[in-house]
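Colleague: The structure is given below, and queries will be raised subsequently.
The values are calculated or read from the model by the stated rules, or taken from the named source; none is laboratory data. Please read these numbers as outputs of a predicted model, since none were measured by experiment. Using ideal geometry, Cβ is built from the backbone for each residue, glycine included, and neighbour counts are taken over all protein chains shown.
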Amino acid sequence: MSQPSPRMTLLTASGVCSLIVLDTNIVAVTLPSIARDLGAGFADIEWVVSAYMLAFAALLLPAGSLADRFGRKKMMLTGLALFIAASLGCGAAPDILTLDLARAIKGVGAALLLTSALATIGHVFHDEAERAKAWAFWGACMGVAMTAAPTVGGLIAEGIGWRWIFYLNLPVGLLLLAMVVRNIGESRNEQSARLDPWGSLFFSASLLSLIWGLIEANRIGWDNPLTFARLAGGGLLLALFFLVERVQRRPMVDLQLFRSPRFIGALLGMFAYAGCAQVMMTLLPFYLQNGLGFSAIDSGLSMLPFAITMLLCPRLGTTLSRNLSPAAMMALGLSLVGIGNLLCAWATGVGGYPAFALAMAVTGAGAGLLNGDTQKNIMACVPRERTGMASGMSTTMRFSAIMLAVGTYGALLASHTLSALQASLHIAAPFWLDQAQSIASRVVAGDMSAALHLLDSDARQVAQPLAQQAFVSGFATVLWTAGCTALFAAGLVGTLMRKPIPVMQVKVA
């Protein structure tokens, strides 16, 4: 049998990764529609995003080991089969719990797909120049998918319903399945690290405990002992993960890498980029629909300023990088993200779309500068024989940051919206205060009609503007927090990344 064409291998692997990126970002504009259709509160809607991200982030490191040991093509086919089956489960979900479970299975498939696709590209392209071109093509495919996601999601949700966002993965997935069979050759790394079940278990359990604590705190309260137990348990499990990795002969995560301030700075840069910029692809549609009253399709189209500057600015970054150090580039990107988020917070007070669109464009510009540089800077900090591990750590850091940011910002949004609504109702209608929590949860999820349905017809006219104002106030708090966090990270990352790249001795089995 003839060897597959490298070009077709690259096209197929990039198509697989594009499906993941498109699916990850396309769901954001449909979340309010899902909330309305399934009668879900905000905590339920957070799990639609977090169940997927949790499975994805927790399994990226072990999925890479599985692909290396048992074959990348085999894992890619397994991942696609899981992804397609879970997509059908998402589309047919009769309730929010079934949807969350199907999304978690989908995250497992996505982890298998992404790691095997990235490893395949790295395996096929050896020449330095050809590899650079291959990664540039891959990055362009990711950018197009990310840019198109909000608009495509809005069109589908408004035109034929949110369920078809998942159903359409069936024909696309089957096409990619055929392309993988035809265009991907089997490859594996016989020298790969052993599977690390204890490390995988502790890392997954840590993320689950942390996100469970953050999301459920909105329901049971921050002063509830269960909230403290879940958050503390997450921290303890993370410590156990590092302890297990320390005693492993060939660990999933080589802790020796953390002796480098520059590597730590690069990882923190990825975390801040994902947690302050990339997460906005999920959160901003909530404001466009809940705060400005846009439809799903309008909110998707309204995300274009963010998406377009994010797509175009990597080219500007290539030019700037000739004159700026990696530390300065990272600091500049994070500063733009911080300024953009602060401008978005200011624009919520101004009201209307034009000011918000300009502010989103600034955030997108910072995200565009960081998107390629974060991965490149992490890879530059490690020895060549550890690039696979570093790539897995980088991707895990990215999706863990998005998931934790959704939980943290969601908790902040829900609690601040409730406080603002209670303060307003205390003045305007104190006899509705007992309904405030239920109203706030539905409003934040994007289901204003269900929120107001809790009140009688006369009360709705008074409560609607108060609820909308409370949401806008809560969302502004989220944006202020994200902006200040990004600016703080810009200074910290810029300082750490000025340190020289160390020469490390890496343990070999």
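Colleague: Do you know which residues across region 1-33 are free of Cβ contacts under 8 Å to residues at least 24 places away in the same chain and in a helix (DSSP H, G or I)?
Modeller: Step one: filter region 1-33 for residues free of Cβ contacts under 8 Å to residues at least 24 places away in the same chain, giving 1-2, 7.
Passing the criteria: only Arg7.
Colleague: For Cys276, are the conditions met, namely being outside the structural domain of Val144 (by TED's automatic domain parsing), over 15 Å from the mean Cα position of the chain (by Cα), within 29 Å of Pro354 (Cβ to Cβ) and in a helix (DSSP H, G or I)?
Modeller: On the way: outside the structural domain of Val144 (by TED's automatic domain parsing): yes; over 15 Å from the mean Cα position of the chain (by Cα): no; within 29 Å of Pro354 (Cβ to Cβ): yes; in a helix (DSSP H, G or I): yes.
When the stated conditions are applied, Cys276 does not pass them.
Colleague: Looking only at region 293-323, which residues are closer than 23 Å to Ile160 by Cα, of a type in the set (A, V, I, L, M), surrounded by fewer than 24 Cβ atoms within 10 Å (Cβ to Cβ) and more than 19 Å from the chain's Cα centre (by Cα)? Before you say what the answer is, go through the steps one by one.
Modeller: Taking region 293-323 and keeping what is closer than 23 Å to Ile160 by Cα, we get 293-304.
When the remaining residues are screened for being of a type in the set (A, V, I, L, M), the result is 296-297, 301, 303-304.
This time we only want the ones that are surrounded by fewer than 24 Cβ atoms within 10 Å (Cβ to Cβ), so: 297, 301, 304.
Ile297, Leu301, listed by residue number.
Colleague: Give region 324-343 a look and list any residue that's farther than 20 Å from Asn377 by Cβ and under 19 Å from the mean Cα position of the chain (by Cα), or say none.
Modeller: Taking region 324-343 and keeping what is farther than 20 Å from Asn377 by Cβ, we get 339-343.
Hits for region 324-343 are Gly340, Asn341.
Colleague: Any idea which of Asp44, Asp37 is in contact with a Lys or Arg (Cβ under 9 Å, 6 or more places away or on another chain) and of a type in the set (D, E, K, R)?
Modeller: Residue meeting the stated conditions: Asp37.
Colleague: Separate question: I want to confirm something. Restricting to region 34-45 and keeping residues that are part of a loop (DSSP other than H, G, I, E, B) and touching a helix residue (DSSP H, G or I) at 6+ places or on another chain (Cβ under 6 Å), which single residue is farthest from Ala157 (Cα to Cα)?
Modeller: Within region 34-45, the first condition is being part of a loop (DSSP other than H, G, I, E, B), and the residues that meet it are 39-41.
This time we only want the ones that are touching a helix residue (DSSP H, G or I) at 6+ places or on another chain (Cβ under 6 Å), so: 40-41.
Numbers: Ala40: 17, Gly41: 19 Å.
Among those that are part of a loop (DSSP other than H, G, I, E, B) and touching a helix residue (DSSP H, G or I) at 6+ places or on another chain (Cβ under 6 Å), it is Gly41.
Colleague: For Arg163, are the conditions met, namely being at pLDDT 80 or above and in contact with an Asp or Glu (Cβ under 9 Å, 6 or more places away or on another chain)? Outline the logic, then answer.
Modeller: Working: at pLDDT 80 or above: yes; in contact with an Asp or Glu (Cβ under 9 Å, 6 or more places away or on another chain): yes.
Judged against the criteria, Arg163 is a match.
Listed here are the residues, each with its yes/no results for (1) of a type outside the set (Ser, Thr, Tyr); (2) crowded, with 19+ Cβ neighbours inside 10 Å; (3) modelled with pLDDT of 70 or more.
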{"residue": "Leu412", "(1), (2), (3)": "yes, yes, yes"}
{"residue": "Leu418", "(1), (2), (3)": "yes, yes, yes"}
{"residue": "Leu425", "(1), (2), (3)": "yes, yes, no"}
{"residue": "Ser438", "(1), (2), (3)": "no, no, no"}
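Colleague: Can you find a residue in region 64-77 that is under 30 Å from Trp222 (Cα atoms), hydrophobic (A, V, I, L, M, F, W, C), assigned to a helix (DSSP H, G or I) and out of contact with any strand residue (DSSP E or B) (no Cβ under 8 Å at 6 or more places or on another chain)? Quick ask: steps written out before the conclusion?
Modeller: Within region 64-77, the subset under 30 Å from Trp222 (Cα atoms) is none.
Within region 64-77, none of the residues are under 30 Å from Trp222 (Cα atoms), hydrophobic (A, V, I, L, M, F, W, C), assigned to a helix (DSSP H, G or I) and out of contact with any strand residue (DSSP E or B) (no Cβ under 8 Å at 6 or more places or on another chain).
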